[in-house]
Amino acid sequence: MSRRMTLVVSCALAFLAIGGGLFFLREHRCRHYYRRLLRTALMRPYSPGADVEFRWRMSGSGTTKDGARFDDSEYESTDCVPVSVIYFTFPSSDTAVERVDGEIRSARTILSKDTNAQTNAAERIVLFTHASAKYEVLHRTDNRLLLIESPSISHALEYEKRLFDGATEMK
């Protein structure tokens, strides 16, 4: 390789290295994004810490085909993981049980199923759905259902913990 070609290649590599470094050092809209990215790249387990916040993005409400009212809020953590929180109120507890049974049938994996005395829920179920590739945490009490879903199980469980501890802040 000629001296000139070596110089051109060296300059191109230096430019790419500086540009890549600036890309990673720039301000990201999710201030904990790079920490999560680095831990994932190093194949280390990652769980959102106390410094990770869940910021409100949007919300909506309506009625489902089976007559249930729902209120949906979408959040994004400060490490760029979406979390959806949906409250359903069904016409009867039988309808709520049918909905939970439908979620269980469509789940790829059921990670946990129990009653939760802390939240007074008749049922608490944690599952992974194959179709949407998301983790879901369900709490059913009588005719009400709380659904927390996220592509990250740690974020869904952290949001649930903060919700029932009263520590979830809407930013």
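The values are calculated or read from the model by the stated rules, or taken from the named source; none is laboratory data. Just so it is clear, the structure is predicted and the values come from calculations on it, not from any experiment. Counting neighbours? That spans all protein chains shown, and the Cβs are built from the backbone with ideal geometry, glycine included.
Results for (1) farther than 30 Å from residue 29 by Cα; (2) in contact with a Gly (Cβ under 9 Å, 6 or more places away or on another chain); (3) at pLDDT 90 or above; (4) surrounded by 13 or more Cβ atoms within 10 Å (Cβ to Cβ), shown as yes or no for each residue.
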site: 56; (1), (2), (3), (4): no, no, yes, yes
site: 61; (1), (2), (3), (4): no, no, yes, no
site: 69; (1), (2), (3), (4): yes, yes, yes, yes
site: 76; (1), (2), (3), (4): no, no, yes, yes
site: 105; (1), (2), (3), (4): yes, no, no, no
site: 108; (1), (2), (3), (4): yes, no, no, no
site: 111; (1), (2), (3), (4): yes, no, no, yes
site: 130; (1), (2), (3), (4): no, no, no, no
site: 134; (1), (2), (3), (4): no, no, yes, yes
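Considering only the stretch 116-130, I want to know if a residue exists there that is closer than 27 Å to residue 53 by Cβ, among the aromatic types (Phe, Trp, Tyr), touching a residue at least 40 places away in the same chain (Cβ under 8 Å) and touching a helix residue (DSSP H, G or I) at 6+ places or on another chain (Cβ under 9 Å).
No - not one qualifying residue is present in the stretch 116-130.
Among the residues that make up the stretch 139-148, is at least one of them among the charged types (D, E, K, R), surrounded by fewer than 20 Cβ atoms within 10 Å (Cβ to Cβ), over 18 Å from residue 68 (Cα atoms) and modelled with pLDDT of 90 or more?
Filtering the stretch 139-148 for residues among the charged types (D, E, K, R) gives 140, 142, 144.
Checking the rest, the ones that are also surrounded by fewer than 20 Cβ atoms within 10 Å (Cβ to Cβ) come to 142, 144.
Keeping just the survivors that are over 18 Å from residue 68 (Cα atoms) gives none.
No, there is no match, as no residue in the stretch 139-148 is among the charged types (D, E, K, R), surrounded by fewer than 20 Cβ atoms within 10 Å (Cβ to Cβ), over 18 Å from residue 68 (Cα atoms) and modelled with pLDDT of 90 or more.
For residues that are closer than 19 Å to residue 162 by Cβ and of a type outside the set (Gly, Ala, Ser), scanning just the stretch 36-54, find the one that is modelled with the highest pLDDT. Please lay out each step first, then the result.
Going residue by residue through the stretch 36-54, those that are closer than 19 Å to residue 162 by Cβ are 36, 46-54.
Still in the list and also of a type outside the set (Gly, Ala, Ser): 36, 46, 48, 51-54.
On the way: 36: 67, 46: 73, 48: 82, 51: 83, 52: 86, 53: 88, 54: 91.
Of everything passing the filter in the stretch 36-54, 54 is modelled with the highest pLDDT.
Are any residues in the stretch 132-154 among the hydroxyl-bearing types (Ser, Thr, Tyr) and in a strand (DSSP E or B), and if so, which ones?
135, 141, 150
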